[in-house]
1. Amide H neighbours of A:Val17 under 5 Å, at least 5 residues apart or on other chains, H built in the peptide plane: list them.
2. Could you work out, residue by residue across B:68-80, how many beta carbons of other chains sit within 10 Å of that residue's beta carbon, and then give the average as an integer?
3. Counting only other chains, what is the mean number of Cβ atoms within 10 angstrom of the Cβ of each residue in peptide B:214-224?
4. Take the alpha carbon gyration tensor of the protein assembly as shown, find the square roots of its eigenvalues, order them as a ≥ b ≥ c, and report rounded if a/c is under 1.5; if not, report prolate when a/b exceeds b/c, else oblate.
5. Using the alpha-carbon atoms, what tilt in degrees (0 to 90, nearest 10) does helix B:386-397 show relative to the longest principal axis of chain B?
6. Mind pulling the angle between the C-alpha long axis of helix B:357-382 and the longest principal axis of chain B? Nearest 10 degrees, somewhere in 0 to 90.
7. Once you keep just the Cα pairs under 8 angstrom separated by 6 or more residues, what percentage relative contact order results for region B:3-390?
8. Return the distance in nm (one decimal) between the two label points of a simple spin-label model at B:Ala10 and B:Leu297, each offset 7 Å from Cα along Cα→Cβ.
Amino acid sequence: MALLVGPFFLNQVHPWVLDLPFLLFWVLLWTTLASGFMGLVYWIERGGSTPR
Amino acid sequence: MNTAVVILAAVWFGVLGLGLAARRGRVMNLEQWTVGRRGFGGFLIFFLLAGEIYTTFTFLGASGWAYGYGGPSYYIIAYGALAYGLGYWLLPPIWRFARTRKLYSQTDFFVAKYDSQALGFGVALVGILAMFPYLALQLEGLGLIVEVTTAGRVGSFVAVLLGTLALTVYVMASGIRAAAWTAAIKDLVLLATVVFLGLFLPVHASGGIGPLFRTIARHHPGFLKLPAVGLNPVWFGSTVLLSVLGFYLWPHTFGSIYAARDEDLFRKNAIFLPLYQLVLLFALLAGFAALVILPGLPNHDLALLAAAAHTLPGWMLGLIGGAGLLSAVVPGSMLLLAIATQFARNVAGPCLPRWNEERLNLLARALVPFIAGAAILFERWSGQGIVLLLLLGYGYVTQLAPALWASLLPHNPVPRCAVWAGGSVGVIALTLFSFGGAPIRWEQRILPQPLADVNVGLLAFALNVVVLLLVTGAVRIRGSTGSPPRPLASRPTQG
């Protein structure tokens, strides 16, 4: 939702974050978080055990 | 002969040699040729699935869009992250079903799920229709890369012919094994090239990434965000959604799912592939830097190469061209393989009931040069930009999504006739929207701004879903839901 709907509300260049326009930073942030979320889902589905 | 030509020639022979070497010690029967005997491990599956990221679309299309359109190019990073997350849940059931039924192509999946060779014929046609623009995209990129990096010494058409020859030979000889071997090398080479250009060109243009963006913001206000009309947030959201829905429905991607030896590979890859997507940022940075270095290029797709040619010595340009060549040949070979397999098994196959699996395999291999030739003609005829060709293909493959999802339900309520009706409406609507011109674009007249800028592929998909639901409802009211799926009628494997 952050990537699909976020640009409707955050379509702006300012503030600059990490020297990037804000909208680009937003997209990169959620792309990175997506990886973390999938790791978390995998960990939970494995019952909190170390991934095989 | 200049250095770039020598390097490109070396890459061309290297690709050909590696592709041919991939078959050594293996009997190329149907299962080996199309799905690598379903024995690929985590790394090969990673590179096959990530192949979507690093194609000529990445190399030229992403940087070209950053150069020409600015903010809308961010969609290229966004959709992959969502699609890989979807793959976590979507791919394991597809893999399990395909393994149980010993399926070879995407169409086989729909034939088995809906128990209909006729539906398989329709699905194969949609898949082939979608893959042709994608294959043309790779060839167009290949032509541009070679022409620019050799400073016109090797023309675009000659490059397309030579590149197509290489991938035709190695696909015929080694099938998916050739693609998998070269995919890993291609990704590593391309990764290094894109990261280098994404860091070097901004420094060369403005002294760094921050100064580059501030320069662009000063000279092109609003360029680094989405415009209010055209490629606006509605277009962005609908295009990301369309690309996510269609991501795994490319027949060549779908086919590579079958090659995995373990379903857990997909879940693990879903964790790491979004991070891999981040490398696309460097392609966008190269495109933005090109805007400062060489403003006013008529062909946006040339932005990255033209900026590299302007700033780097010939030998380095040759290396970049070599990486670009790989970025076209590897996905091109997967597409060729998928089109040939679908055509032989699911379009010609039903007309040849006496042919066994191995004869159909030979037919698929024999079709490869003809398909490659047709793709060259399409590339010459279409004349569309790289990103637009890709979006058109996405629009077509996404029309298969409702039937796929319904088929994965424990009790699929959707009958074959509803799949036919919805899919036909979606494909026809997309064709009319894309090629019918202004008189057909009714959505632009009836929808208020900014909704009128919705991606037409998603609009066609919505029509598809509505028709599919209406027909399903009508059939269920009449009390007939079609026969339950039966196992695929198998062909003999020995002549």
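1. Amide H to amide H, under 5 Å and 5 or more residues apart or across chains, A:Val17 pairs with A:Phe22.
2. Mean inter-chain Cβ contacts per residue within 10 Å come to 4.
3. 2
4. oblate
5. For B:386-397 against chain B, the angle is about 10 degrees.
6. Roughly 40 degrees between the two axes.
7. The value is 39 percent.
8. Rounded to a tenth, the inter-label distance reads 2.5 nm.
Every number in this text was worked out from the coordinates using simple rules, so none of it is lab data. Nothing here was measured: the structure is a model prediction, and the numbers come from that model. In this analysis, Cβ positions are derived from the backbone assuming ideal geometry, glycine residues included, and neighbour counts consider all displayed protein chains.
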